[in-house]
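Peer 1: Mind looking over this structure? Questions follow.
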Amino acid sequence: MSGVGIRFLGTGDAFGSGGRLHTSTFIRSACGDVLVDCGPSTLASLRRDALDPNTVDAIVLTHLHGDHFGGLPFLLMDAHYATGRMRPLVIAGPAGVADAVARALDVLFPGSGGLEPRFPVTYVEWREREAVAAGPADVTPFQVRHSTRTPCFGLRVETGGRVLAFSGDTEWTDALVDVSAGADLFLCECSGYGSAPPHHLDYLTIDRHRSALTCRRLLLTHMGEEMLARAAALGLDTARDGLFLAL
């Protein structure tokens with residue numbers, strides 16, 4: 001295949017607004033398969049869309065909040081115990097990602113925090129604006145402004161001859177200009193219309209900075225109830241659960 005195919009497994013916020021599932025995006029190219037974020041509903045979403053979790057070569061995480069990485073314990077347990085995965089897996093994320101996954105495993109499945117999967121798992125930690133190879137993708141992280149307790153990143157994912165940009169969760173920061181620069185697609189969170197929960201983006205802020213975002217296509221996601229209610233009337237380009245795009 002040429003280019004990439006993108007399936008939006010989950011496009012909701014942390015609260016499941018509009019009945020949408022938690023954040024996860026599946027990217028397929030001739031180079032391999034990548035997940036960007038892995039919210040708690042990811043495994044079920046993959047199966048809903050007839051996608052084999054065991055084809056995923058890398059999982060890249062914007063940050064370590066539950067709605068963005070809480071699906072990893074389920075995916076790892078499924079691969080280890082249920083499906084007999086042997087394919088290597090790269091998991092890349094902020095500093096401490098391996099320990100965070102181990103703690104989550106132990107909370108959700110007591111005693112499994114020291115799980116040693118039957119298949120090779122390699123953990124990679126982000127360093128600000130340093131590109132790393134994550135399976136079939138080259139990923140560059142840009143620190144954004146979402147939490148004072150844990151580092152959070154926007155990501156540029158290069159695979160299959162395309163550049164896909166992800167804001168992660170963040171308030172406005174000029175780092176988003178660099179994350180999205182010239183990208184074929186920029187998936188940007190938009191939690192509210194005129195205001196948003198702390199450290200999140202709203203539509204009017206994005207619109208005010210739109211001319212600085214030089215991506216070829218801007219797609220809004222992670223919308224709260226008010227934004228979901230307004231999006232259609234505003235004629236906005238938005239993601240939804242199950243949406244497929246070919247680039």
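Peer 1: Out of these labelled values of Cα extents along the principal axes in Å, (i) 49, 38, 34; (ii) 67, 45, 35; (iii) 58, 38, 34, which was calculated from the coordinates shown here?
Peer 2: Of the listed options (i) 49, 38, 34; (ii) 67, 45, 35; (iii) 58, 38, 34, (i) comes from this structure.
Peer 1: Considering only F15, F153, F142, give the residue with the highest GNM mean-square fluctuation for the chain, with springs between Cα atoms whenever their separation is below 10 Å.
Peer 2: Highest fluctuation of the listed residues: F15.
Peer 1: With just the Cα atoms defining each centre, how far is the range 125-153 from the range 202-235? Give it in Å.
Peer 2: For the range 125-153 versus the range 202-235, the Cα centre distance is 23 Å.
Peer 1: Normalised by the number of residues in the range 1-41, what is the relative contact order in percent for Cα pairs under 8 Å and 6+ residues apart?
Peer 2: 37
Peer 1: Same structure again: For the chain, set up a GNM with springs between Cα atoms under 10 Å and report which of V157, V179, V90 has the largest fluctuation.
Peer 2: In this elastic network of the chain, the residue with the biggest mean-square fluctuation among V157, V179, V90 is V90.
Peer 1: Work out from phi, with θ = phi - 60° and the Karplus expression 6.51 cos²θ - 1.76 cosθ + 1.60, the ³J(HN,Hα) of each residue of the range 229-245, listed in order in whole Hz, and give x for Gly and Pro.
Peer 2: 5, 8, 4, 5, 5, 7, x, 7, 8, 10, 7, 8, 4, x, 4, 10, 10
Peer 1: May I ask you to sort M223, M77, M86 by Cβ crowding, counting other Cβ atoms within 10 Å and putting the fewest first?
Peer 2: Placing the least packed residue first, the sequence is M86, M77, M223.
Peer 1: Another one. Among G19, V101, S195, whose Cα projects farthest towards the positive end of the dipole of the range 4-246, with charges put on the beta-carbon of Lys, Arg (+1) and Asp, Glu (-1)?
Peer 2: Positive-most Cα among the choices belongs to G19.
Peer 1: So for the chain, averaging the separation of alpha carbon pairs under 8 Å that are six or more residues apart and normalising by length, what relative contact order in percent results?
Peer 2: Result for the chain is 19 percent.
Peer 1: Only Cα pairs under 8 Å and at least 6 apart count here; give the relative contact order of the range 86-161 as a rounded whole percent.
Peer 2: With pairs under 8 Å counted, the relative contact order is 29 percent.
We did not get these values from a lab; they are worked out from the coordinates using the rules stated. Everything quoted here is computed from the prediction, not taken from an experiment. Cβ sites come from the backbone with ideal geometry, for glycine too, and all protein chains shown count toward neighbours.
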